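First up is the structure itself, then whatever we jot down about it.
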Amino acid sequence: MEDEDAEAVTKMATTGPPPQRKGISYSQPLTRDAALNVGSGGISSSSASASRRKHSLDDDRIYSSSAEAPRSYSYPHYYSSPPISSSSSHPHPHPHPVLPPHYPNNFTHRIPSSLSGSEGSLTLERAMSEYGGAPGTLPEFMGSGGGTGIFRVPLRAAMHPERPAPLEIRPHPLRETQAGSFLRTLASEPRRGQLWAGTESGLRVWSLPEVFGGWGGCAAGAKRGDEESAPFRESGHTSPALCLVVDVATGLIWSGHKDGKIRSWRMDQTGVRDTVLEDASPPMQFREGLSWQAHHRSPVLSMVITSYGELWSGSEGGIIKAWPWDAIEKSLSLTTEERHMAALLVERSYVDLRSQVTVGGVCSLPASDVKYMLADNSRSKVWSAGSVTFALWDARTRDLLKVFGIDGQAEVRVENPSVQEPYAEDEMKVKFVSTSKKEKSQGPFNFFQRSRNALIGAADAVRRVAVKGTFVEDNRRTEALAIAKDGMIWTGFTNGSLIQWDGNGNRINEVQHHSTSVQCICSFGERLWVGYVSGTVQVMDLEGNLLGGWVAHSSPVIKMAAGGSYIFTLAHHGGIRGWHLTSPGPLDDILRTELANRELSYTKIENIKILVGTWNVGQEKASHDSLISWLGSAASEVGLVVVGLQEVEMGAGFLAMAAAKETVGLEGSANGQWWLDTIGKTLDEGISFQRVGSRQLAGLVIAAWARKNLRPHIGDVDAAAVPCGFGRAIGNKGSVGLRMRVYDRTICFANCHFAAHLEAVSRRNADFDHVYRTMSFSRPSVGLHGAAAGATSVQLHRGVTGSGSQTDEGKPELSEADMVVFLGDFNYRLHGITYDEARDMVSQRCFDWLREKDQLRAEMKAGKVFQGMREGQIKFPPTYKFERHQPGLSGYDSGEKKRIPAWCDRILYRDSRSISVAECSLDCPLVSSIMQYEACMDVTDSDHKPVRCIFNVEIARVDELIRRQEYGEIIISNEKVSSLLQESSDVPESIVSTNNIILQNQESTILRITNKCEKNKAAFHIICEGQSTVKEDGNTSELCSRGSFGFPFWLEVHPAIGIIKPGQTVEVTVHHEDFYTQEEFVDGIPQNWWCEDTRDKEVVLLVNVTGTGSTDSESHRIHVRHCFSSRTSCNETKGHSRRNQVNLHRSDFPQFGSSEVHDFCHMRCP
C-alpha cells in the first residue's frame, strides 16, 4: 500500500513533500567486513549515558557505573520442553541451563558460505547465536550494539546496592486494583505503634507490631492489590480523605475530606489478628466518631492542631476556620444517641479567620486555596500556605501577623489596614466584596479606594510575571511545608529548591540538591527527609547539607510520616515503605547483605506464554476463518495475546481527522473498533480472555488480551503513540505501544509501520530510532480502566507522566523495561536480488540464502537498528507482496511493478539477559525464548500475510510476605543489627532545673533543660498533660487535657521544641499571660464574651526528650500553678513552693512522674 500512502500524504501537504533522504544503494551485496562493522553508523548514546538515572527496585532497576558493557550474543535457554500450561509458577529458580555440546573443529564448513570470508570463519559464539537452538525453541539472531548506551539491558538485583533495605509495608499495587481506593495521605502515632493512611474511600490503619506477619486466617478477605500488604484494618466508606492530623491527647485521628467534612477516628483499634472471625472472614470495619460539615461545597484541604489545642482547617478560596477546643470537648462527651446534637454544636462554633481580617471589603489574605497548614509549637504560631504565598498567625489570639511571598517580601502590611493591598493570583483575579449596604453608600471614596487596591494588585501580578520573563506557569510553587526540631520552618518548591525560614517568616537560607519538584518534607531529630516527584528521597541535616539520597519508589513520593524508628514514605502508586531513621548508615549495609543472602527464600518463578501477532490488513476486513488461522489456533495454549495491525484505515481525509483528534486526546475509528471486537470474539473475550488495553493512531492499532487466570497479575497498563509520517506529525507511519506490569515486571509492546520503498533504508532506521527514543507511555484517556483511574488519581504537578513517574529525556522509557517486543510492518526489503531470483529461491525454500539478502538483518549486524534485539530464525516465505484472494506462493505480485518479495512483517524482542546464557533470577528477572515464529500463508485477505510468534517467558518475582518475614527475622536474630538498634534507641540523659513553678501577675520563670550526654544531641518537646482547678480545700480536680496536649490560654512556653547539643543547657521561658477574654462564636459570629475562670489552676507540663535515631522518649513532669488568691496566701504558697524547687538528677524523676515511652524498634516477628 505504499503508493496509496504516498498519494494520501501528498494530498494533505499544502507545500511540497519533504526532501527525500538519500538512501543506501544495495545494488551490490554487502561484504562480510561491511556487515560486521559494528562501529559504523551506530547511534551515539553519550548524552544519554551522562544523564543516566538510578531507579527503584519496584521495577528492580539498577544502572551500572561503568560506561560501557561488553557486547552480548544470544543463545536461547537450553531447558527441557516448556510446560504446556499458559501460566505456571515455581517456588525457586530453575537449575542452571545445560549448555549444548561442543562442536567439532570442522564446524566452519557446515555454516553457509555467506557467513565466512577470506579472513576466515566467524567466532563460535556468533555461530551459536545465529544457528543454535535448544529443544523446543527456535534459534535466534541478535543484532549488534545492544550492550551500550540506551540499548543496554537494565540491570536488576534482589536488593538495590545503592539504597537502604526498606521495610515493605505495602508493595506497589496494580493501578487497576486501586480505583476508588488510592492512598492520598499518611500519618503515624509512635506511642501506639500505628500507621494511618487516608484513602479515596476512608482510612486504613496498620499496627506496626504486626507488619512482619501476614493476613493469617483472613487472607482471603484482603482486597485485590493488597494480598502481599502487611495486614491492616479499614474504615467504613467515606468521601476521599485529603489530610490527617494525629491527636495524641484524645486518642483520635482527625481526617479532612473532599465532601467538606471533618471526621474523628479512635486510635484504640485492635489489630487484624484480634478481629479475625471464626469463619476467616475479613476483620470488621471501624466506624467514625464525631463528624461535622466543616466547609460547605468545598473540600478540607489542610488541617492542624495549634499549640493551644484548637483545630484549624483550610479550604478553597483562602477560607480558614478555627474550631474552639471547648466546643469539640463538649461534643466528644455526648453519647452516641446525641451524635447529631454534637455535630451541630461543633459545626456552628467555628471562627472564620478570613472574615476577621477583612476590613472595608478588602481582605488581607489572598483568595488562593489553603493547601498547607503548620503548627509552630515552638512559638505558638500557625502557618498557612497557598501555592505562592504564606500567612503567619498567632495561635493564641488568632491574629494575622504577616502575609508574605516566596521571595520573603511582605505582601500586606497588616498594621496599617488603610493601605492594605490584596494579593493578585497568577490568573489576575481580583475580588471586590461589599459587606453591607452601608458600605455601598459610602460613595466615590470607597469606589476609588477599591479601584486603587485592584490596580496595585494587578500591577503586582504583572511585576511578578515580568521577573519570570514571560506569561507562563510559575515553576516555583509551594509543594511542602514542615517544621524542624530546631524550630526552623522549611518549604519545598516545584523547581526542587528548599527555603529555610525563622519563626517570624524571615527567609534564612535556600538550598537545592535535586532538579525535580519537592512533594513532601518530614522532620525528625536532627534530620530532614525530602521526597521528590522523581521518587527520590534525600536526607539533610538541619542546616540543609545533604547527607544522602536514593530512589525510594518508581513514582513520586507524595507523603512521609515518622513512627516506630522508621520514616514511612507513600508513593503516588500507593506503595508504602519504611526506612530506618538512621539511614543512610551502617545498619543499611547489614540488612542489605543479609536479605540478599536469603534471596532464594523469597524468589518465585512464574512461567507464561505470550502470542504476538502482526498484520498489515491493507484497509480490508478479515474473514472469521482468517482470524482463526492467525490467532485462534494458537491462542489456546497462551496466557497473553498481543495483536498489532497496520493500515486499518487510510486516506487523506481519515489521516487529517485522526491527527486532529490526537491533538484533543481522542483516538479510534469505526474500522479500528470493528477489528477489536472481531478479534475479541475470536479469542472468546469475556469467557476465556479479557482485553487489558488498546491504542490506535490513524491506521495503527495495538491491543492485548489476557486469559482470565492471568488477568489479576497484569496491570498498570499504559499506552503510547509516536507518529513518524509527514513532519513527524501524521500517523500513516509511526508506532503505537502498550506497557504493562506482568508479575511485577515491565513488558512493552510496540506496533510499528516504517517508511516504504526499497531504497529508504536510512529512513526506516531513523523511524525506529525516533520511536525508541521518544515513545512515552501514559494512562489511556479512554477505556474501561483509563477513565476510572484517571478520575481518582492524585493530582501532580505538570512534568509528571500519567503513570505517575517523572519524565526523563535522557533515558528512553523503552530502555527501562524488562522485556520489549517490536512488531509490525517494518518495510525492510531484500537487496541485491531480482524479482525472478527471489521467486525462484522462495519456490525452492532457500530461506538461508534469502536471509543474507535481508536489509533488516544487514542493518542489525551493522548495529544501525534494533540494537541488541533478537529475532527467531525465519523459516517461512516472504510475507509481502501478494495479490489479494490468490492462495499459495503463486499469489506474489505479478503486476507491472513486480515488487520483490520481502519479509516486511517481523517480530523482534529483547529480554533481561545481558549474556547469551542466563538463569532466570532476581538479577535476570525475565528470560524468554521463541517457541514458534511463522506466517499464515493461507490467509489471503490482504497484500501482506499475518505473522505470529509465541514466546515462552520465565519471570522471577519477589514474594513480599516472605521477604518481610525475613526482614523481621534478621532484626531479631542478627546480633550486629540488634546492637545498632539498641544504640540508636538510646535517649540522652537529661535533667530539668525544677519540678514546681508558680506564676502570678504576668510573671515569667526560666526552666532549664540540660543534656548531660557528651556524645549525642537531644531533642525536646514540651506539652501540657492537662489542667486542673485548685479547690477551696487545696486539692485539685482531675486533669483535663486539650487537643494534642495544648496549653491553656493563660500560659505561654517558649521555645516549646528544640535541639540541645551535648553537654549544653537550653532555657525555656514559662510565662503567665494577662487575663484572657473568651468568646463564643455561632456560625462565625461572636455571641458571648466572658473572662477566664479566676480560680487557681494547675497544669502539668511534660518535657519529652528523644534521641535522634529513634522515637523512644523520656518525660519529665513539671507542675505549674496559676495563682489568683490573695497576695498573702500566694506568697505563702510560693514560699512553700520555693523550698521544693531543687535541681534534680535523673534518678529523682520517678517520684515526680517521670515516664518512658518506647518505640517499636524491637518489633517482633510472629
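The values are calculated or read from the model by the stated rules, or taken from the named source; none is laboratory data. Everything quoted here is computed from the prediction, not taken from an experiment. Neighbour counts run over all protein chains shown; Cβ positions are idealised from the backbone, glycine included. In case anyone asks, the SASA skips ligands and DNA or RNA and just uses the protein heavy atoms, side chains included. Shrake-Rupley method; radii C 1.70, N 1.55, O 1.52, S 1.80 Å.
Residues of the stretch 878-912 with an amide N closer than 18 Å to a point placed 7 Å from the Cα of TRP674 along the Cα-to-Cβ direction: 884-885.
Residues in the stretch 363-374 carry Karplus couplings, in order, of 9, 6, 9, x, 8, 7, 4, 8, 7, 9, 9, 9 Hz; the curve used is 6.51 cos²θ - 1.76 cosθ + 1.60 with θ = phi - 60°, and Gly or Pro positions show x.
Once all protein chains are placed together, LEU546 keeps about 80 Å² accessible to a 1.4 angstrom probe. Here the Karplus relation 6.51 cos²θ - 1.76 cosθ + 1.60, evaluated at θ = phi - 60°, turns the backbone of the stretch 704-713 into coupling constants of 9, 10, 10, 5, 4, 6, 9, 3, x, 9 Hz, with x for every Gly and Pro. Amide H contacts of ARG1008 (H built 1.01 Å from N, in plane; Pro and chain starts excluded): SER993, THR994, VAL1068 sit under 5 Å, all sequence-distant by 5 or more or on other chains.
Heavy atoms of the protein chains alone define the surface here; on that basis the stretch 806-855 has 32 Å² accessible area per residue at 1.4 Å probe size. FRET efficiency for the GLU510 to GLU983 pair, using the beta carbon distance and R₀ = 30 Å, is estimated at 0.30. Using a probe of 1.4 angstrom and keeping all protein chains present, the accessible surface of the stretch 509-648 works out to 25 square angstrom per residue.
The order of TYR933, TYR350 by accessible area, most exposed first and with a 1.4 Å probe, is TYR350, TYR933. Within the full protein context, the accessible area of LYS1015 is estimated at about 150 Å² for a probe radius of 1.4 Å. If you sort ASP369, ASP923, ASP893, ASP502 by accessible surface, 1.4 Å probe, largest first, the order is ASP923, ASP369, ASP502, ASP893. Segment LYS976..VAL842, full-extension length gain: 41.2 nm, with 0.36 nm per residue of separation and the alpha-carbon distance subtracted.
Placing dummy labels 7 Å off each Cα toward the beta-carbon, the span from TYR835 to CYS1040 is 10.1 nm. For the stretch 635-672 versus the stretch 858-912, the spacing of their alpha-carbon centroids is 22 Å.
Counting only protein heavy atoms and a 1.4 Å probe, the stretch 877-954 has 28 square angstrom of accessible area per residue. Per-residue Karplus couplings for the stretch 939-956, computed as 6.51 cos²θ - 1.76 cosθ + 1.60 with θ equal to phi - 60°, are listed in order as 8, 10, 6, 9, 7, 10, 9, x, 10, 9, 9, 10, 9, 9, 10, 9, 10, 9 Hz, Gly and Pro entered as x. Scanning residues 5 or more positions from LYS559 or on other chains, those with amide H under 5 Å from its amide H are LEU570, with H placed 1.01 Å from N in the peptide plane. Heavy-atom accessible surface of LYS1031, to the nearest 10 Å², is about 110 Å², with a 1.4 Å probe and all protein chains retained.
Round to a whole number: what % of the accessible area of the stretch 501-569 belongs to carbon and sulfur, probe 1.4 Å? Carbon-and-sulfur percentage of accessible area, whole number: 39. The accessible surface of the stretch 661-740, taken with every protein chain in place and a 1.4 Å probe, is 53 percent carbon and sulfur. Shown are HIS1054, HIS753, whose ranking by accessible area with a 1.4 Å probe and every protein chain present, most to least, is HIS1054, HIS753. The distance between label points at LEU546 and ALA766 comes to 3.9 nm (points 7 Å beyond Cα on the Cα→Cβ vector). FRET efficiency for the pair LYS621 and LYS898, taken as 1/(1 + (r/R0)^6) with r the Cβ-Cβ distance and R0 = 30 Å, rounds to 0.65. Net length available on complete extension from THR593 to GLU1014 is 148.3 nm, with 0.36 nm assigned per residue and the Cα-Cα distance removed.
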